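Written out below as structure tokens is the structure these notes cover.
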There are 2 protein chains.
Amino acid sequence: MATFMHYTPGEYAQGHIRITGTELSDGRQFFYLDDTPEYVSGEKVRELRDPRELANRFEPGVDGEGNPIPVQAPQMRRDPLTGDWIPMATARMNRPITAGPGATATGNPLAARNPGDPYQDGEVPDTDYDVVVFENRFPSMNRIPGVKDETVYVDGNPLWPQRPAVGRCEVVCFDPKEDSLPADLPVSRLRTVVEAWAFRTAEISAMEGIEQIFPFENHGQEIGVSLAHPHGQIYCFPFVAPRLEQELQHTEAYRSRTGGNLLRDILKGEVDAGGRIVMRNSTWIAYVPAAARWPLEVHVQPVRDGIFTLDQLNDNERWGLAQMYSALLKRGNMFFDTGNGEGMDLPYIAAWHQAPVRDRRRSSYRLNLQFFSFRRAANKIKYLAGSESGMAAWISDTTPEKIAARFHELGDTDIDK
Amino acid sequence: MATFMHYTPGEYAQGHIRITGTELSDGRQFFYLDDTPEYVSGEKVRELRDPRELANRFEPGVDGEGNPIPVQAPQMRRDPLTGDWIPMATARMNRPITAGPGATATGNPLAARNPGDPYQDGEVPDTDYDVVVFENRFPSMNRIPGVKDETVYVDGNPLWPQRPAVGRCEVVCFDPKEDSLPADLPVSRLRTVVEAWAFRTAEISAMEGIEQIFPFENHGQEIGVSLAHPHGQIYCFPFVAPRLEQELQHTEAYRSRTGGNLLRDILKGEVDAGGRIVMRNSTWIAYVPAAARWPLEVHVQPVRDGIFTLDQLNDNERWGLAQMYSALLKRGNMFFDTGNGEGMDLPYIAAWHQAPVRDRRRSSYRLNLQFFSFRRAANKIKYLAGSESGMAAWISDTTPEKIAARFHELGDTDIDK
């Protein structure tokens, strides 16, 4: 029987949600977030041990011929021309669990486990669950116990620092049903997903070496998501990611120049202008930013000031966010005209921009969600080619006002009504 | 009969190539670059007038019902959170000339025109050509005569400057044969393509408002290229593009700190280390950068110092570049193991990083080509999902040394041999 760590209600989780931690057989952390009885936390007695007996990931293994396989710490290198750190996830190249279009139900590693299920890559050691979070089995970033976080130089050249990628990658599974779409989940389940983001942000912030916690959701085969089971990821970077770095340079410069908070003033500007506001409730406001770069792009900020990261949200704000996330996904599915009035399963990326964990510029930031889609018409994809991939120069095929006007056709702006 | 402008040999073109300028019927500039007789320049007498009688692009038109269509200057807005200028190419949304998978030969706007050809979107008013360059019919950036380059503020808010996108977009057609692959073109034809890049860089640098000239090639349906005819583009930005801006910040900081040129010292470091050099001839060196982010990535720099832009290359360097570009494309096609030893038509992006036109940081830079592919295995694509598209955080699936080792299997490093 695995060991469970029961979180006291209120310690991390707000409201009714119960969190229980355990470990998979290779030592990875695994968390249940229950929003409905029976709770794993003490009220449910089951054999929840991971039956796979996976090798401890931090001990050297042996290959099929008995040769030792050393434990390798993922490495990252700093690109001198951009300053970007590039994790090099050599182990990901042939990861076995990726399900392709032909994958069967038993090949879904996020499926709830059926008693007697022989499938050895199933990651959830339970017959049912609400939301679970666990460490990625093949992480591109990870801290290996005993491996020192030391910088070396590639070929001895100080232009090329290299050090272990002491980050962390987690998977958030949104629902036990593998054919659920996030847009169709009840608000109460999305509320539990919000809880997972907040809980993990709080706990991981205390871990050594983590500089930024990035919960995100990739949705749709069009952007390479091969596993249909509704899920998201949390990348925890041992650096400030390039895009956040760029934003922080601007929020800091703005604070120096004006004393104000740039994101707050952007939000105020959007509220004052009005025309690009697409949804609001008592705790959140969603708008198409005035210089949107994607064919469909919406940013979401909390109404209340002083929120840098998801774990700072109160119970009311967590409910408000779940409600807004649900409405955003539903309206996103109706955004492009498919000709039959039925909408589509919109491919999208939902990217949580949180303030950095330790960086002194943290206080000039403000939590925001950046939601966007590569789709530019019902039958067209925006590809990131030379201009975007080579020069980071986006060229919009539309205007923010047109995006907002389409959202206004899809429902009331005030979603509390 | 159209008016021709004959460039004196040596004025722009190095060596044997002759350049002749003319105009399409809507006033767009159009250039022939002839590498073989008969030259348009005086030795060939043909009716080269564009037969389409397109409306002058800068005069208001009328729609099908006789209503006037005003001339709109493409606009761009500055994103306050990143500082990026975003051109908003509303007119591109429904551009008619994009050929789809079902496009026929007569639907290829880059095809040489056959006498009596009724196809009205053919852009080349000649029955044969070597290389041509012309202004894009539906540019996302363009200067409209009489439209002042004035900044206004979206909704009156100084956070959101907007001004005309006074850039320029040109198309470079590499060869008259629509089924040619750039990898299969003779070096002598690629030499003419180099000439086109250099010529346009020289001429456009003198145009008002242009800050960066970006020749690039998108190749492959996998990245959304629907027109198979071998061609590239030249985007001329009225700003320094975000990626070049990031690089200039680093080349400037390096110069302040060390007095050196960062790109030169990177090149020297790669030559000293040796293992990531994949090709060299007497004028160019190609290497996998020590912190490569793409599954296949090669950077190419000239050997000679003091080259900021392509127009500064001498005749010998232009030949050397054509030879190296050819070898790079051929080896790129063999890079991934298709199982039958025949290679593939590799999808790639070739991005020319030139020093900015006017920016004072120009002198800390150095011309370089960044060549990369989204393909990460013969049957796999690297998608730019949440980490890359949302946070600009690349995670490599391989290592630079593995990429270089594969290139070393594909041919001699010294390509002069």
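So the values come out like this:
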| quantity | calculated |
| --- | --- |
| Residues of region A:153-194 that turn out to be outside any loop (DSSP other than H, G, I, E, B), over 30 Å from B:Ser396 (Cα atoms) and out of contact with any Phe, Trp or Tyr (no Cβ under 8 Å at 6 or more places or on another chain), as a count | 4 |
| Test: residue in region A:320-331 that is free of Cβ contacts under 8 Å to residues at least 60 places away in the same chain, closer than 26 Å to A:Gly224 by Cβ and not aliphatic (A, V, I, L, M) | no |
| Test: B:Gly306 is within 14 Å of chain A (Cβ to nearest Cβ) and over 15 Å from A:Leu81 (Cα atoms) | no |
| Hey, B:Asp149 charged (D, E, K, R), surrounded by fewer than 17 Cβ atoms within 10 Å (Cβ to Cβ) and either in contact with a strand residue (DSSP E or B) (Cβ under 6 Å, 6 or more places away or on another chain) or over 30 Å from B:Thr82 (Cβ atoms) (or both) or not | yes |
| Residue in region A:56-79 that is most open to solvent (accessible area, probe 1.4 Å), counting only those that are among the polar types (S, T, N, Q) and within 14 Å of another protein chain (Cβ to nearest Cβ) | A:Gln72 |
| Cβ-Cβ under 8 Å pairs, at least 6 apart or on other chains, region B:255-268 side within 11 Å of another protein chain (Cβ to nearest Cβ), far side assigned to a helix (DSSP H, G or I) and surrounded by fewer than 14 Cβ atoms within 10 Å (Cβ to Cβ) | B:Asp265/B:Thr258 |
| Close pairs (8 angstrom Cβ cut-off, 6 or more residues apart or separate chains): within 19 Å of A:Ala327 (Cβ to Cβ) in region A:399-411, open to solvent by 30 Å² or more (accessible area, probe 1.4 Å) and modelled with pLDDT of 95 or more anywhere | A:Ala404/A:Gly275; A:Phe407/A:Arg331; A:Leu410/A:Arg331; A:Leu410/A:Met334; A:Gly411/A:Arg331 |
| Any hit, region A:386-397, residues being of a type in the set (Ser, Thr, Tyr), at the interface with another protein chain (Cβ under 7 Å from one of its Cβ atoms) and in contact (Cβ under 8 Å) with a residue 40 or more places away in the chain | yes |
| From the options B:Phe372, B:Phe308, B:Phe336, residue that is assigned to a loop (DSSP other than H, G, I, E, B), among the aromatic types (Phe, Trp, Tyr) and under 19 Å from the mean Cα position of the chain (by Cα) | B:Phe308 |
| Residue list for region B:349-362, filter: touching a residue at least 24 places away in the same chain (Cβ under 8 Å) and either of a type in the set (A, V, I, L, M) or more than 10 Å from chain A (Cβ to nearest Cβ) (or both) | B:Ile349, B:Ala350, B:Ala351, B:Gln354, B:Ala355, B:Pro356, B:Val357, B:Arg358, B:Asp359, B:Arg361, B:Arg362 |
| Selection count, region B:36-54, where residues are at pLDDT 75 or above and open to solvent by less than 80 Å² (accessible area, probe 1.4 Å) | 5 |
| For A:Met207: the one exception among (1) open to solvent by less than 10 Å² (accessible area, probe 1.4 Å); (2) outside any helix (DSSP H, G or I); (3) more than 14 Å from chain B (Cβ to nearest Cβ); (4) closer than 20 Å to A:Gln312 by Cα | (1) |
| Flag if B:Ser373 is more than 8 Å from chain A (Cβ to nearest Cβ), more than 28 Å from B:Pro238 (Cα to Cα) and open to solvent by less than 20 Å² (accessible area, probe 1.4 Å) | no |
| Near pairs, Cβ below 8 angstrom, 6+ apart or cross-chain, from region B:363-380 (farther than 17 Å from A:Leu384 by Cα) to any residue that is of a type in the set (Lys, Arg) | B:Ser364/B:Arg255; B:Arg366/B:Arg264 |
| Test: residue in region B:347-364 that is touching a His at 6+ places or on another chain (Cβ under 8 Å) and β-branched (Val, Ile, Thr) | yes |
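The values are calculated or read from the model by the stated rules, or taken from the named source; none is laboratory data. Computed from a predicted model, the values in this text were never measured in an experiment. Here the Cβ is made from the backbone with ideal geometry for all residues, glycine too, and neighbour counts use every protein chain on show. Please note that ligands, DNA and RNA were not included when accessible areas were found on the heavy atoms of the full protein model with its side chains. Shrake-Rupley method; radii C 1.70, N 1.55, O 1.52, S 1.80 Å.
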